[in-house]
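Asker: One structure follows; several queries about it will come next.
The values are calculated or read from the model by the stated rules, or taken from the named source; none is laboratory data. Note that this is a predicted model, so its numbers are computed, not measured. Neighbour counts run over all protein chains shown; Cβ positions are idealised from the backbone, glycine included. Please note that ligands, DNA and RNA were not included when accessible areas were found on the heavy atoms of the full protein model with its side chains. Shrake-Rupley method; radii C 1.70, N 1.55, O 1.52, S 1.80 Å.
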Amino acid sequence: MTTARPTAARRSTAKPTPPPPAAAGAAPPGSPQAAMRLRELVFGAACAAAVRAAASLGVADALGERPATVEELATAVHAEPRPLRRLLRALSCYGVFTETDDDRYAHTDMSRQLRQDAPNTLHHIALWCTEPWTWQAWPRLDEAVRTGRNIFPDVFGKEFFDYLHDDARDSARVFNQAMTSSSRQSAADLAAFLDLDGVSSVVDIGGGQGHVLASLLEKHPALHGTLLDLPQVVENADARLRPGGVLADRAKLVPGDCRVDIPVRADLYIIKNILEWDDESTRRTLRNVLAAARPGARVVVVENLVDDSPSMRFTTAMDLMLLLNVGGAKHSRESMLSLMTEAGLLVQDVRPVNPYLHAFESVVPA
């Protein structure tokens, strides 16, 4: 994921979805059930903090496949048993760990994903989304909503990525680990999703370390590819793509800013999770693709959508964090289609890649 900095929030053109009609037997407004649910929501910070505490302590890593007592876990993670029991009890209410009949705790599908050695670990994501600075930023959401701009410089005295680089090196490390683990999984999903019949060359625009490109090159031995991103990003590209790497003979690393120029011609252009800037930056990027590509070239834009998605709670939360941090925004289906069509691309299909990503398939017109 590129570290290009968004500058202004985009206003979604998606129409709000009306709430579904109340189901038969549903709790009426003001009911005890509704009140309890709202109470749970306003204590959401406690849930997030509990997940962070479990990840920081390494509880999931310490718990094996057999249930363990609180005392055993406390010894393993160097914690006091009584407060650890309280933490596990709270998390088990949300399905993170479960308590057995014999006063032990066991893994659930969610708690296993907090293990650092899990194939699709969410350990670093859990830490990243609950970093210390987040607790200072979230209370200013009302201000960001009123003004339509990021509040990060007002709180920390500098822009988001400057703050990470200058003042929060540990947080920057967690960010990099989180983006790496997330992009590896989505890269595998995208490689399985894309049909590359007739494609001999591909460019990953703003592709970060190049996990998508590496996954595609591994799956398709005849494919050649280019990674285009900012100079400091491509310097740290996936080792498989760098000189001496197992894929280096079919990979090219090109430093550059896709909002300025895309000096690469290919059969397929992939733009994944970077069109979160202001609309004008997105327009420039798409125009640069059309200027570089030959007629008939495929352009696949991959984004988290704030509508038409089974992961609405996740994507809308990311959207609000973007507003707070950098003034960016996630797209709706309509806003993405509008910008791609305006740029001159012929959008042919929109399909889910996984529960939280959609692919917009398009071609460059003749």
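Asker: Mind listing just one residue for me: the one in the stretch 177-209 that is more than 12 Å from the chain's Cα centre (by Cα) and within 14 Å of residue 229 (Cβ to Cβ) and, of those, most open to solvent (accessible area, probe 1.4 Å)?
Answerer: If we take residues in the stretch 177-209 being more than 12 Å from the chain's Cα centre (by Cα) and within 14 Å of residue 229 (Cβ to Cβ), then 209 is most open to solvent (accessible area, probe 1.4 Å).
Asker: Out of 249, 267, report the one residue that is open to solvent by 20 Å² or more (accessible area, probe 1.4 Å), over 19 Å from the mean Cα position of the chain (by Cα), closer than 29 Å to residue 333 by Cβ and modelled with pLDDT of 95 or more.
Answerer: The unique qualifying residue is 267.
Asker: Here is a follow-up. Any residue that is out of contact with any strand residue (DSSP E or B) (no Cβ under 8 Å at 6 or more places or on another chain) and outside any helix (DSSP H, G or I) - is there at least one of those in the stretch 162-176?
Answerer: Filtering the stretch 162-176 for residues out of contact with any strand residue (DSSP E or B) (no Cβ under 8 Å at 6 or more places or on another chain) gives 162-176.
With outside any helix (DSSP H, G or I) added as a condition, the list becomes 168.
Within the stretch 162-176, one or more residues are out of contact with any strand residue (DSSP E or B) (no Cβ under 8 Å at 6 or more places or on another chain) and outside any helix (DSSP H, G or I).
Asker: Test residue 75 against the criterion of being modelled with pLDDT of 90 or more, surrounded by fewer than 18 Cβ atoms within 10 Å (Cβ to Cβ) and touching a Pro at 6+ places or on another chain (Cβ under 6 Å), and give yes or no. Give the steps one after another, and end with the answer.
Answerer: Working: modelled with pLDDT of 90 or more: yes; surrounded by fewer than 18 Cβ atoms within 10 Å (Cβ to Cβ): yes; touching a Pro at 6+ places or on another chain (Cβ under 6 Å): no.
No; evaluated as a whole, the condition is false for this residue.
Asker: Now a separate question. Looking at 338, 311, 281 in this structure, which one is of a type in the set (Gly, Ala, Ser) and surrounded by 19 or more Cβ atoms within 10 Å (Cβ to Cβ)? Even if it seems obvious, please write down each step before you answer.
Answerer: Numbers: 338 fails: surrounded by 19 or more Cβ atoms within 10 Å (Cβ to Cβ); 311 fails: surrounded by 19 or more Cβ atoms within 10 Å (Cβ to Cβ).
It is 281.
Asker: Mind checking which residues of the stretch 48-60 are under 13 Å from residue 124 (Cβ atoms) and surrounded by fewer than 18 Cβ atoms within 10 Å (Cβ to Cβ)?
Answerer: Result: 56, single match.
Asker: Moving on to the next point. Just wondering, is there one or more residues in the stretch 92-114 that are more than 30 Å from residue 152 (Cα to Cα), modelled with pLDDT of 95 or more, open to solvent by 80 Å² or more (accessible area, probe 1.4 Å) and β-branched (Val, Ile, Thr)?
Answerer: Within the stretch 92-114, none of the residues are more than 30 Å from residue 152 (Cα to Cα), modelled with pLDDT of 95 or more, open to solvent by 80 Å² or more (accessible area, probe 1.4 Å) and β-branched (Val, Ile, Thr).
Asker: Quick one: how many residues across the stretch 180-222 are modelled with pLDDT of 95 or more and among the basic types (Lys, Arg)?
Answerer: Matching residues across the stretch 180-222 total 1.
Asker: Here's a follow-up. Considering only the stretch 135-149, state which residues are in contact (Cβ under 8 Å) with a residue 24 or more places away in the chain and either open to solvent by less than 20 Å² (accessible area, probe 1.4 Å) or acidic (Asp, Glu) (or both).
Answerer: So in the stretch 135-149, the residues in contact (Cβ under 8 Å) with a residue 24 or more places away in the chain come out as 135, 137-138, 140-141, 144-145, 148-149.
Passing the criteria: 137, 144.
Asker: Do we find a residue being within 18 Å of residue 201 (Cα to Cα), buried (at least 18 other Cβ atoms within 10 Å of the Cβ) and not basic (Lys, Arg) anywhere in the stretch 316-325?
Answerer: Step one: of the stretch 316-325, the residues within 18 Å of residue 201 (Cα to Cα) are none.
No, there is no match, as no residue in the stretch 316-325 is within 18 Å of residue 201 (Cα to Cα), buried (at least 18 other Cβ atoms within 10 Å of the Cβ) and not basic (Lys, Arg).
Asker: Give me the strands (runs of 3 or more DSSP E) completely within the stretch 288-366, filtered to those with at least 1 residues that are in contact with a strand residue (DSSP E or B) (Cβ under 7 Å, 6 or more places away or on another chain) and of a type in the set (S, T, N, Q), ordered by residue number. Before the answer, list the steps.
Answerer: Details: elements: 298-303, 346-354, 357-363.
Qualifying strands (runs of 3 or more DSSP E): 346-354, 357-363.
Asker: Moving to a separate point now. Hey, among the residues in the stretch 150-176 that are within 30 Å of residue 355 (Cβ to Cβ) and free of Cβ contacts under 8 Å to residues at least 40 places away in the same chain, which one's surrounded by the most Cβ atoms within 10 Å (Cβ to Cβ)?
Answerer: The qualifying residue surrounded by the most Cβ atoms within 10 Å (Cβ to Cβ) is 164.
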